[in-house]
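One structure is given here, and the rest of the page talks about it.
The values are calculated or read from the model by the stated rules, or taken from the named source; none is laboratory data. Keep in mind that what you see is a predicted model, and the values were worked out from it rather than measured. Cβ coordinates were reconstructed from backbone atoms using ideal geometry, including for glycine residues, and neighbour counts include every protein chain displayed.
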There are 2 protein chains.
Amino acid sequence: MELKAHQVFFRRFTDLYRPFIQKTADILAEEGLTLPQWSTIRLIAEQEEMTPAELASKQYVEKPTVSRTVQQLLELGLIETRQGRDRREKKILLTDEGNQIYEKASRAIEKLEREVSDGISEQEMDAMSGRFAEMRRRL
Amino acid sequence: MELKAHQVFFRRFTDLYRPFIQKTADILAEEGLTLPQWSTIRLIAEQEEMTPAELASKQYVEKPTVSRTVQQLLELGLIETRQGRDRREKKILLTDEGNQIYEKASRAIEKLEREVSDGISEQEMDAMSGRFAEMRRRL
DNA sequence: AACTATAGTTAGTTTCGCTAACTAATCTTA
DNA sequence: TAAGATTAGTTAGCGAAACTAACTATAGTT
């Protein structure tokens with residue numbers, strides 16, 4: 001049975017995802033973080049502040065899912081909230097501690113990412129990233 | 001904050017995964033299948049028969065996880081088991097009904113995969129698949 | 001002012017991963 | 001050849017993380 005290029009692509013794509021995400025989870029566990037918590041922290045760090053609605057959209061999950069993670073991060077003292085453009089909306093930012101743990105976990109995750117992609121040029125990595133963004137827009 | 005090529009890569013990679021897998025889950029739900037069930041059926045179909053241990057290894061999960069999915073598929077009548085190389089081992093194959101549902105779901109999933117990767121050459125798809133396999137070996 | 005929409009929360013449910021512990025079968029070693 | 005170690009697979013139970021439903025409060029629209 002011969003598979004077409006896109007079929008092979010998605011098989012290799014999903015084959016890569018689980019072990020990668022598991023390794024990432026192991027690294028994060030050392031910092032006392034879960035994957036959803038990390039994903040949230042990283043988005044906030046990279047954009048300085050986000051609302052729960054934005055976080056839900058970016059991570060492709062429903063708002064109650066984000067609500068729970070935000071609650072956990074508040075309890076951990078890693079984020080704080082401020083009022084958004086009206087009294088419904090909340091802006092979420094990292095605390096000093098949140099920034100510290102972001103920096104630390106970032107280094108460890110980047111190390112993994114570097115090791116996994118070692119030997120592949122930046123040009124090729126960028127090209128693939130572009131294609132991923134393109135495909136994402138079709139979903 | 002400037003991100004390196006591999007950092008962008010893994011962000012776009014994980015950004016693509018969830019919506020893709022969710023769309024796939026929606027398609028499979030129409031056939032009454034879950035993602036783990038589909039993953040299992042597809043691996044068996046593409047290799048004619050597999051053992052639970054092989055399924056666990058290929059899908060990067062623990063054996064009890066596969067055991068449960070196999071049980072579900074047996075109850076659905078989509079697979080059957082035969083004795084393996086000894087009395088511990090089980091070979092798992094698709095039944096006629098399993099093959100039918102495999103063919104049907106396959107077509108729908110392939111359609112999604114084609115649409116998502118439309119406009120990207122087979123050469124480029126193959127190149128990316130190769131890199132995924134390479135990265136997988138480093139995890 | 002009434003209705004609709006949005007932001008976010010809470011509660012409960014389901015799915016799916018895991019670990020621990022187990023049985024049965026096979027292999028290895030002394 | 002028997003005892004110990006290993007492997008294949010199963011069962012039970014737990015926890016994480018997703019969802020839907022329903023809700024409150026706030027803002028926008030008609």
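Computed quantities for the displayed model
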| quantity | calculated |
| --- | --- |
| Elements of type helices (runs of 4 or more DSSP H) in region A:1-110, at least 2 residues being more than 14 Å from the chain's Cα centre (by Cα) | A:5-30, A:52-59, A:63-75 |
| Residue check for B:I101: closer than 18 Å to A:R137 by Cα and aliphatic (A, V, I, L, M) | no |
| Criterion violated by A:A133 - all others in (1) of a type in the set (G, A, S); (2) closer than 29 Å to B:I21 by Cβ; (3) more than 10 Å from every other protein chain (Cβ to nearest Cβ) satisfied | (3) |
| Failed item, numbered, when A:V8 is tested on (1) within 13 Å of DNA strand D (Cβ to nearest atom); (2) under 26 Å from A:R131 (Cβ atoms); (3) crowded, with 16+ Cβ neighbours inside 10 Å | (1) |
| Residue that is nearest to the other protein chains (Cβ to nearest Cβ) [pool: residues in region A:111-130 that are of a type in the set (S, T, Y) and not in a helix (DSSP H, G or I)] | A:S117 |
| Residue check, A:R42 within 11 Å of DNA strand D (Cβ to nearest atom) and not acidic (D, E) | no |
| From the options B:E48, B:E80, residue that is over 29 Å from A:S117 (Cβ atoms), at pLDDT below 95 and not hydrophobic (A, V, I, L, M, F, W, C) | B:E48 |
| Among (1) within 15 Å of DNA strand C (Cβ to nearest atom); (2) more than 14 Å from chain B (Cβ to nearest Cβ); (3) among the β-branched types (V, I, T) - the single one A:T95 does not satisfy | (1) |
| Selection count, region B:105-121, where residues are farther than 11 Å from B:I41 by Cβ and out of contact with any helix residue (DSSP H, G or I) (no Cβ under 7 Å at 6 or more places or on another chain) | 6 |
| Residue check, A:L35 within 13 Å of DNA strand C (Cβ to nearest atom) and either hydrophobic (A, V, I, L, M, F, W, C) or at pLDDT below 95 (or both) | yes |
| Pairs where the first residue, in region A:41-70, is more than 11 Å from chain B (Cβ to nearest Cβ) and the second is near DNA strand D (Cβ under 7 Å from one of its atoms) and assigned to a loop (DSSP other than H, G, I, E, B), C-beta under 7 Å, 6+ apart | A:A56/A:E62 |
